[in-house]
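Shown next, in structure tokens, is the structure this report addresses.
The values are calculated or read from the model by the stated rules, or taken from the named source; none is laboratory data. As the structure is a prediction and not an experimental result, all values here were calculated from the model. Cβ atoms come from the backbone with ideal geometry, glycine included; neighbour counts cover every protein chain shown.
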Amino acid sequence: MKRKAAPKKKNGPPLKKPRSNAMAIVQLPKWPDELKYTYYAVSTTADYNGVGGSVFQNLTRGDGGKDNMDGSVLHPKSITINVQCVLADTTNMVRFVVAQGIRGAMPTATQLFQSTANVRAPLTTFDRAYKSTVNILLDELFQLDANHIARVARHYIKGYKLQDVFWTTTGGLAITSGDIAVYYISDSAAATHPSFNYAVETTFTD
């Protein structure tokens, strides 16, 4: 059986492919999340009862890059905290702690520390009933005396150590889980108490 000869290629412009009715899918660029921050500074004194306060106390709902957030979930990226302690008595001990809540409300200073309202308060361990509800991010103790009238420290907490913070979706802005707080306590029973000054910046996306 003879094979058929291949058809000769015709001269002229190439044939156009039939047009398809399907729309081409265009991949839009993915914009990176906007990095925001919230900042506050405190100038106070530390006694042996202790105090704790949220780093988000200046945050409100809004679109601004500073002290504003949208939605109900905040993703912390870093915490920068600068601290100064100044002597009040012949000697003083001052301790400060940064902690993030794992579940439930943040404990008060008297709940977090095993023992308060005594001169050994800065040396205390954490109360086990409440330590399981927080993640300790930073824990530092200062000794103040005539040779160390003032002490300073600077700390940077990286985002991989931080969990998401959840907020109410309607009404006033309130944290439901994941709050981050700074605690401070000293051995001072009566005024004048040692000075405790700090500034903290928390960066995040929302």
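Taken over segment 115-131, the criterion of being of a type outside the set (A, V, I, L, M) and closer than 13 Å to TYR183 by Cβ is satisfied by THR116, PRO122, THR124, PHE126, ASP127, TYR130, LYS131. Report the residue count in segment 91-116 for those that are closer than 21 Å to ASN197 by Cα and modelled with pLDDT under 95. Total satisfying the criteria: 0. Among the residues making up segment 79-91, those that are over 18 Å from ASP139 (Cβ atoms) and in contact with a strand residue (DSSP E or B) (Cβ under 6 Å, 6 or more places away or on another chain) are VAL86, LEU87, THR91. Among the residues that make up segment 118-130, is at least one of them under 30 Å from ASP67 (Cα atoms) and either in a loop (DSSP other than H, G, I, E, B) or not hydroxyl-bearing (Ser, Thr, Tyr) (or both)? Among the residues of segment 118-130, not one is under 30 Å from ASP67 (Cα atoms) and either in a loop (DSSP other than H, G, I, E, B) or not hydroxyl-bearing (Ser, Thr, Tyr) (or both), which makes the answer no.
Does VAL200 fit the bill of being in a strand (DSSP E or B), in contact with a Gly (Cβ under 7 Å, 6 or more places away or on another chain) and either modelled with pLDDT of 95 or more or loosely packed, with under 15 Cβ neighbours inside 10 Å (or both)? Here the answer is no, as VAL200 does not meet what is asked.
The set of residues in segment 66-84 being small (Gly, Ala, Ser) and modelled with pLDDT under 95 consists of GLY71, SER72. Contact map, segment 176-199: first residue free of Cβ contacts under 8 Å to residues at least 12 places away in the same chain, second residue acidic (Asp, Glu), Cβ cut-off under 9 Å, separation 6 or more or different chains; pairs are ALA190/ASP47.
Only one entry in TYR156, TYR160, TYR183 is under 30 Å from GLY62 (Cβ atoms) and surrounded by 21 or more Cβ atoms within 10 Å (Cβ to Cβ), namely TYR183.
Of VAL73, VAL51, all but one fail to be surrounded by 14 or more Cβ atoms within 10 Å (Cβ to Cβ), more than 20 Å from ILE136 (Cβ to Cβ) and touching a residue at least 40 places away in the same chain (Cβ under 8 Å); the exception is VAL73. Kindly check whether there is at least one residue in segment 73-85 that is outside any strand (DSSP E or B) and either more than 21 Å from the chain's Cα centre (by Cα) or within 30 Å of THR205 (Cβ to Cβ) (or both). The answer is no; no qualifying residue exists. May I ask you to list the residues in segment 166-206 that are more than 19 Å from ARG103 (Cβ to Cβ) and among the hydrophobic types (A, V, I, L, M, F, W, C)? Selection gives LEU173, VAL182, ILE185, ALA189, ALA190, ALA191, PHE196, ALA199, VAL200, PHE204. Quick check: anything in segment 133-147 surrounded by 13 or more Cβ atoms within 10 Å (Cβ to Cβ), in contact with a strand residue (DSSP E or B) (Cβ under 7 Å, 6 or more places away or on another chain), in contact (Cβ under 8 Å) with a residue 60 or more places away in the chain and in a strand (DSSP E or B)? Looking through segment 133-147, none of the residues is surrounded by 13 or more Cβ atoms within 10 Å (Cβ to Cβ), in contact with a strand residue (DSSP E or B) (Cβ under 7 Å, 6 or more places away or on another chain), in contact (Cβ under 8 Å) with a residue 60 or more places away in the chain and in a strand (DSSP E or B).
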